[in-house]
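Have a look at the structure below, then the notes.
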Amino acid sequence: MKRKQNRFTIEFSIPAYWTPEQALAVFDVVNDLSDKIWDHYGNKILDLLPEHYGRRSLTRRKLNPDDIPF
């Protein structure tokens, strides 16, 4: 059964045959990318969370670098 994608996600698979070193290298790249995205889009991402997850009760707030939500 094919899952329905929403406009915010792209599904993909990772190989099960990576060495631990390859997995760590990919993890480092993804982690660095995540940091860069958060640095640039953090406040905009926070604004989108209620719409994306359907929780209208979340309050908007400005990003505090010392209070990263994950």
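Quick check: residue separation of L49 and F27 times 0.36 nm, minus the Cα distance between them. What number comes out in nm? Present the calculation step by step, with values, prior to reporting the outcome.
Details: separation 22, 0.36 × 22 = 7.92 nm, distance 2.42 nm.
Gain in length upon complete extension: 5.5 nm.
How much length would be gained if the chain were fully extended between T9 and Y41, taking 0.36 nm per residue of separation minus their Cα-Cα distance, in nm to one decimal? Display every interim value, and only then the final one.
On the way: separation 32, 0.36 × 32 = 11.52 nm, distance 1.63 nm.
Length gained between T9 and Y41: 9.9 nm.
None of the figures in this text is laboratory data; all of them are computed from the coordinates on show. None of the values given here were measured: they were computed from a predicted structure.
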